[in-house]
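Asks: Can you keep this structure in mind? I'll have questions shortly.
The values are calculated or read from the model by the stated rules, or taken from the named source; none is laboratory data. As the structure is a computational prediction, the values presented were derived from the model and not from experiment. We place every Cβ from the backbone using ideal geometry, glycine too, and count neighbours over all the protein chains shown. For accessibility, only protein heavy atoms count, side chains too; no ligands or nucleic acids. Shrake-Rupley method; radii C 1.70, N 1.55, O 1.52, S 1.80 Å.
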Amino acid sequence: MNSNKQLAIFIMGVSGVGKSTIGKLLADQLSIPFFDGDDYHPEANKKKMANGHPLNDEDRYDWLLNLNKLAKEQTCHNSCVIACSALKESYRNLLKNGIETNIKWVLLYGSFDQVLSRIKQRTGHFMPTSLLKSQFETLEKPIEALKINIRETPQNITTYIVNELQKKSEFGIIGLGVMGKSLARNLASNNFRLSMFNRHVPKIEEDVAKTFKNEFLELSAATAFDDLSAFVNSLQTPRKILLMVNAGKPVDAVIESLIPLLAEDDVIIDGGNSHYKKTQERIDLLANHKMHFIGAGVSGGEQGALKGPSIMPGGDADAYTLVQPYLETIAAKNKKNEPCCTYIGSGGSGHFIKMVHNGIEYVEMQLLAEVYFILKNTGKSPDEIATILESWSTETNSYLLEITINILRKKEGNGWLIDHILDTSGNKGTGNWTTIATAELGMPSTLIPASLFARYLSAFKEERIEISQVYTSENKELAIDERELLNAYHLARIVNHHQGFRLLSQASVAYDWHLNLSEIASIWTNGCIIRSTLMEALIDILKKDDNLLLNDTLVSQVKTLKPSLNTIVSQCILGDVPIPCLSEAVNFLNGYSTANSSANIIQAQRDYFGAHTYQRVDDMSGTFHHTNWEE
């Protein structure tokens, strides 16, 4: 076969569709071995079917395991063709276990009368025609199969299968920006036959795909296009196409161009930072055309995309089975060597999860910026701060901590590069979306807005310079205990993760997504920007508690760390050092742990000027009251 990957090609369908005939012809044409699954049935199964009794799942279990073993043995050194009914999804899961990326399903199908006529003409087969009806009733058609109607001649069917397998790519990617290129190289490095497309814009974007293909050896077997129709026709059906284009209108424009070129059961995956509500709209649009759409958050940046990102796919669960082998193969692996990719849930859940990931990321970055700024205000150099942060990594390590240490040690000439970087930070919108989402869902995820507004405030550089000259304070010596600062940082991170996962929990209920918070933590332990030792610890914690601040282990930590956070925040406020996220962590903890708050005044004010009513602490009936306050 024209591929580096060895395939087990399962020819499947009900009895009588010609699995063995097609399988033998295909094996001969490809010069690979053929195996008839019926030959591997134990005699008890054959006798049962010959007596007119259908096999049950228990009867088939060992048989399916034997065929799986056969497929594994063969694909170690060669491709092969196996004829097997494989009528149920559960059967196919057993058959492909451990070799998911080396399986190709070919479904032969026809009408009941057509197949019955064929069976009546057979001689010497152990299965009677009376069992055909039960097979039709049992058949669960896989969306991932190459589907072929048996009205064609065996030779034409074989030729069609060969063309699909030998000449066409199994996966396509549209958009060869930084992330698209890295993901394309990742896919190709894992021996997936790949087609790549990038638009053609005269004098701006010309021959992008072809030029990129020629730059890297791993792309030698990939095919490059700037014609969309040719790109689509280069893919095996059902097609699997990953979009890596800018979120918003560019995604809609590509989808609009693709729909007329695609067919039923084709899948489009949006790997950009799209808004989760738009993802749901696109799912509905594609469903009207009997096609599938998956919104997949991808985290890890350029290097993560190349070496293994964290991937968060949401949408149609059946469609996910089509792309699962590809996404899980290229994803990062956790400490148990499990992929940092899992089916998140229906609708726009995948992009929602990525959005919240980015919100948590905003806070983690801001907390480190505040720690840096506090230590800078104690007179320490970037190198000295880096050494302090490095000592923290044994207790609370993270990817962002590691890169911050590297940033602080980067020299330029006789000084540090960080001292030459303008203190205005940008954003691409996901922090804004997360802030809106937390407000829409009524969740007090207060650190994310605080980190977002810190970025907004940084953008007002000229005004800050002007204001600083008006409100210049006396230089105050900031004396900070480094251990207390570490404790404060660690507690603020716990609060950040508590708020992020509570937001996910609320969204899961509101949108009926049935999110598995522990699995989400697991896929965030490698490949993504917010990977950390804290996230690793949350995997088991979230199996028991979705409210981190009620978990016994974390309760003990919070009580121990809280005095340090109080002290650091107090010292910074007295020293005029801005710490929006550290101070908000204190405010949230104080508010969240206050049984009787000041909100009764707010509700009384609302009732006074707007007759919004209130409930009474001495009335447990749930009745709402109103008072004429001016009488």
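Asks: Pop a pseudo-label 7 angstrom from the Cα along the beta-carbon direction at both residue 284 and residue 397 and give the gap in nm to one decimal.
Replies: Those two pseudo-labels are separated by 4.7 nm.
Asks: Multiply the residue gap between residue 73 and residue 481 by 0.36 nm, knock off their C-alpha separation, and tell me the result in nm, one decimal place. Provide the component values of the computation, followed by the final result.
Replies: Details: separation 408, 0.36 × 408 = 146.88 nm, distance 6.16 nm.
Extra length from residue 73 to residue 481 when fully extended: 140.7 nm.
Asks: Separate question: At 1.4 Å probe size, with the rest of the protein present, what percent of the exposed accessible area of the chain is carbon and sulfur atoms?
Replies: Numbers: 14900 of 29790 Å².
Carbon and sulfur: 50 percent of the exposed surface of the chain.
Asks: Any chance you could look up the accessible area of residue 411 with a 1.4 Å probe, heavy atoms only, rounded to 10 Å²?
Replies: Counting only protein heavy atoms, residue 411 exposes about 100 Å² to solvent.
Asks: Taking all protein chains together and a probe of 1.4 Å, list 231, 373, 453 from the most accessible to the least accessible.
Replies: Values: 231 0, 373 75, 453 115 Å².
These residues rank, largest area first, as 453, 373, 231.
Asks: How do 626, 612, 497, 292 stack up against each other in accessible area, from largest to smallest, with a 1.4 angstrom probe?
Replies: 626, 612, 292, 497
Asks: Among the lysines, select those whose C-alpha is under 17 Å from the C-alpha of residue 380, and discard any that sit fewer than 8 residues away in the same chain.
Replies: Here the lysines satisfying the reach criterion relative to residue 380 are 410, 411, 476.
Asks: Between residue 440 and residue 249, what FRET efficiency follows from the Cβ-Cβ distance if R0 is 30 Å, with the result rounded to 0.05?
Replies: Once rounded, the FRET efficiency stands at 0.85.
Asks: Cα centroids of region 379-432 and region 261-308: how far apart, whole angstrom?
Replies: Taking the Cα centre of region 261-308 as reference, the centre of region 379-432 is 34 Å away.
Asks: Relative to the present Cα-Cα distance, how much length would full extension add between residue 509 and residue 204 at 0.36 nm per residue of separation?
Replies: 105.2 nm
Asks: OK, next. Please identify which residues in region 151-175 have an amide N closer than 20 Å to a label point set 7 Å out from the Cα of residue 31, following the Cα→Cβ vector.
Replies: 158-168
Asks: Looking only at region 258-278, which residues have a backbone nitrogen under 14 Å from a spot 7 Å from the Cα of residue 221 in the C-beta direction?
Replies: Answer for this model: none.
Asks: Continuing with this model, one more query. Would you pull out the residues with amide H under 5 Å of residue 293's amide H, same chain only if 5 or more places away, H placed 1.01 Å from N?
Replies: 268, 316
Asks: Suppose each label sits 7 Å from its Cα in the direction of the beta carbon; what would the residue 519-residue 613 distance come out to in nanometres?
Replies: Taking the simple label geometry, residue 519 and residue 613 are separated by 4.1 nm.
Asks: A follow-up question, please. Please report the accessible area of residue 9 (heavy atoms, 1.4 Å probe, ligands and nucleic acids excluded) in Å², nearest 10.
Replies: 0
Asks: Figure the gain on full extension for residue 378 and residue 333 (residue separation times 0.36 nm, minus the Cα-Cα span) and round it to one decimal in nm. Intermediate values should be presented prior to the final figure.
Replies: On the way: separation 45, 0.36 × 45 = 16.20 nm, distance 4.02 nm.
The span from residue 378 to residue 333 would gain 12.2 nm if fully extended.
Asks: Separate question: Take the cross-link list 141/277; 46/104; 72/104 and give me the ones stretching past 25 Å between alpha-carbons.
Replies: Distance filter (> 25 Å) returns 141/277; 46/104.
Asks: [x] 1.03; [y] 1.12; [z] 1.18: which one is Cα Rg over 2.2 N^0.38 Å as calculated from this entry?
Replies: Of the labelled values, this structure produces [z].
Asks: If you don't mind, another one. How do the peptides 204-216, 436-448, 455-467 rank, highest first, by the average count of neighbouring beta carbon atoms within 10 Å per residue?
Replies: Packing order, densest peptide first, comes out as 436-448, 204-216, 455-467.
Asks: Taking H as built 1.01 Å from N, whose amide H comes closer than 5 Å to the amide H of residue 146, not counting residues under 5 places away?
Replies: So residue 146 has HN proximity to 105, 106, 107.
Asks: Using Cα positions and a limit of under 26 Å, work out the lysines in reach of residue 278, with same-chain residues fewer than 8 apart set aside.
Replies: 181, 240, 249, 290, 354, 428
Asks: Continuing with this model, one more query. For the chain, give the share of DSSP beta bridges that are antiparallel, in percent and rounded to the nearest 5; count only bridges with both residues there.
Replies: DSSP beta bridges in the chain are roughly 25 percent antiparallel.
Asks: If contacts are Cα pairs under 8 angstrom and at least 6 residues apart, what is the relative contact order of region 405-490 in percent?
Replies: 24
Asks: Taking 7 Å along the Cα-to-C-beta vector as the label spot, tell me the residue 606-residue 178 distance in nanometres, rounded to one decimal.
Replies: Those two pseudo-labels are separated by 4.4 nm.
Asks: Another question about this same structure. Please give the per residue accessible area of the chain, computed with a probe of 1.4 Å over protein heavy atoms only, in Å².
Replies: I get 47 Å² per residue for this part.
Asks: Filter the chain for me: DSSP H helices, axial length by Cα at least 27 angstrom, mean Kyte-Doolittle hydropathy not below -0.5. List them by residue number.
Replies: 349-376, 482-511, 552-574
Asks: Using a 1.4 angstrom probe on the protein heavy atoms only, line up 92, 606, 199 by accessible area, largest first.
Replies: Sorted by accessible area, descending: 199, 606, 92.
Asks: Here is a follow-up. Once ligands and nucleic acids are excluded and a 1.4 Å probe is used, how much of residue 618 is accessible, expressed in Å² to the nearest 10?
Replies: Spelled out: residue 618, probe radius 1.4 Å, area about 110 Å².
Asks: Run the helix sum for the chain: -39,500 (n - 2.57) per DSSP H stretch of 4+ residues, divided by residue count, reported at 222 nm to the nearest 500 deg cm²/dmol.
Replies: For the chain, the value works out to -16500 deg cm²/dmol.
Asks: What shape does region 501-561 take by its C-alpha gyration tensor, where a ≥ b ≥ c are the square roots of the eigenvalues and a/c under 1.5 counts as rounded, a/b above b/c as prolate, and the rest as oblate? Let's see the in-between values first.
Replies: Numbers: a/c = 2.23, a/b = 1.23, b/c = 1.82.
In terms of gyration-tensor shape, oblate.
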